[in-house]
Amino acid sequence: LRQMESFKGNLSRQLSQRQLDSGSLKFQRGELEANWQRRQGDSAGSLDSQLRLSLGAPARQSFTARGLDLDSLTGGQPETLVFALDGQTAPAAVRVGDGISRDAALRRLNQALGPLGVRCELDDHGRLGFSCSEQDWARLRDSLTVRGGGMRFPSGMPQPLPAQAEPAALDAGQWQLDDHAQVRQTLQGVLRSIAQLQQTRAAIGSAIAEARQSIGQLARTDEQSWASGFVSDFNARLNQTADFNHLQQLVPALLGISRYRVISLLSLR
């Protein structure tokens, strides 16, 4: 974050002076890009390319696949899609179309692609997306194939699945610095990245504080007593009279859990 703030200051200063030292800006950009490339190792795999914190599990890479959207998979003629991963696992077949429900399509995809290391999910707008372990992304991108019946995907030889990674939150290599217009545009990108970094830092700080609090509580009581106390307290808050004051204490724990996230989780069962 300090490097980003320094880069932002240099960009702003050079814009205000209307004199560009592209060499110094590109040097700073290179340092930022190098640090970003070390993100996975430095964070022990807990920080993904969108600066989302993933505790207790490796960071995941989200991606989309052209031709795999819920409207296409639920409507139209029935078709069997066969997915395979470089001969390492048995091919997985999915029957789609013919008016199946969106929930059924999502469940079938997860059942088929789960053994290949791919999770199918709905975003907060109900659009279909995919994710895999970040460390597996390069292999999946190059090796995951699909074969259809000539409707959604060609029949015959399996074709590479047209997968596209979710753009990274910080892509310093794309920031152009050769003229004032480019520097101004880069500054806007830097400001957005700083805002995301600040949110991530706050999330990390909150996770550390919660961990310290939990450790302190467990040091004073056994796990079963702590769990029973938590459940009793949570139920008591839910069963209070219908005013909004007690909900203020529950909402932070439920933020970000949309209807589509719940559907995605249920489809994994």
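Worth a mention:
- Neighbourhood net charge (13 Å Cβ-Cβ; Lys/Arg +1, Asp/Glu -1) for GLN199: +3
- Cut-off under 5 Å, modelled amide H: who pairs with ASP21 long-range: none
- Accessible surface, 1.4 Å probe, highest first, among residues ASP48, ASP42, ASP123: ASP42, ASP123, ASP48
- Using the Cβ of ALA44 as centre and a radius below 15 Å, the other residues enclosed give a net charge of +1, where K and R count +1 and D and E count -1.
- Protection proxy ranking of 165-174, 151-160, by the mean of other Cβ atoms within 10 Å over each peptide's residues and highest first, is 165-174, 151-160.
- Note on segment 12-69: with neighbouring protein chains present and a 1.4 Å probe, carbon and sulfur make up 48 percent of its accessible heavy-atom surface.
- Estimated vicinal HN-Hα couplings, Hz - segment 98-105 in sequence order (Karplus 6.51, -1.76, 1.60; Gly, Pro = x): 6, x, 5, 6, 5, 4, 5, 4
- For GLN159, the residues whose amide H sits under 5 Å from its own are VAL146, ARG147, ignoring neighbours fewer than 5 places away on the same chain, with H placed 1.01 Å from N.
- P(r) tail fraction, segment 1-153 - alpha-carbon pairs more than 18 Å apart, %: 67
- For segment 23-129, GluC sites (Glu not before Pro) meeting the loop criterion (DSSP other than H, G, I, E, B) and having at most 12 other Cβ atoms within 10 Å: none.
- Where N is the number of residues in segment 102-197, Cα Rg divided by 2.2 N^0.38 Å: 1.48
- Each residue of segment 161-170 was assigned a 3J(HN,Hα) from its phi angle through the Karplus curve 6.51 cos²θ - 1.76 cosθ + 1.60 (θ = phi - 60°); the sequence is 5, x, 9, 10, 5, 5, x, 5, 5, 10 Hz, with glycine and proline shown as x.
The values are calculated or read from the model by the stated rules, or taken from the named source; none is laboratory data. Only a predicted model underlies this, so the values are computations on that prediction, with no experimental measurement involved. So basically every Cβ, Gly included, is an ideal-geometry build from the backbone, and we count neighbours across all protein chains shown. The protein model used for the area step is the full one, side chains on, heavy atoms only, and it has no ligands, DNA or RNA in it. Shrake-Rupley method; radii C 1.70, N 1.55, O 1.52, S 1.80 Å.
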